[in-house]
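To keep things clear, I will list the structure first and then write my remarks on it.
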């Protein structure tokens, strides 16, 4: 009787050990497979995001505006128009882009098309931080976000704010030499904000300093 108990106990222990080994082995394999699937999904997600970002800044079929005198070039959509602005001592150069003809528009009196982007050179001894801070205070802007970016290898500041409680003001600034380079758009119609923002980012990414 005692021998039977020992045999049964031994068999039970062996069975439990075998089941434990089985679940340990296959459980480990299952965990490895799940981890592999998750890793693969993350890799695919990263690759997809990278592809999307690359597509967002593709300006290969855009037109190019080039200013040899002040040493910069910038691209803009094929179907958009441009108008040269500036010419004063403080703002010696500028360019306005829009999907509408700019024959009757001028940034001086504050008359703008619904979708537009300005690139302006402003002569000032201020640092980029001083200029942006003073400019937003003067505009009484309610800042939604502000972050540092790179513009043609130079430190820049990107800002989104609200003017007069209704107008979205999208702006980026960088400085080289004595000039602050200003990229800006005022968007009173929120329905076109994302469209203008996309073009704004592409124009910003296409901007280059040229020459020495």
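Nothing in this text is a laboratory measurement; each read-out follows from the coordinates by a stated rule. Keep in mind that what you see is a predicted model, and the values were worked out from it rather than measured. When we count neighbours, we look across all protein chains shown, and the Cβ atoms used for this are built from the backbone with ideal geometry, even at glycine.
Quick notes
- Inter-site label distance for residue 191 and residue 66 at 7 Å from Cα along Cβ, in nm: 4.0
- Highest mean first, the peptides 190-197, 129-136 sorted by other C-beta atoms within 10 Å per residue fall in the order 129-136, 190-197.
- Note on residue 90 and residue 129: the extension gain reaches 12.2 nm, defined as 0.36 nm multiplied by sequence separation minus the Cα-Cα distance.
- Over all directions, the projected convex hull of the C-alpha atoms in region 63-209 averages 8.3 nm² in area.
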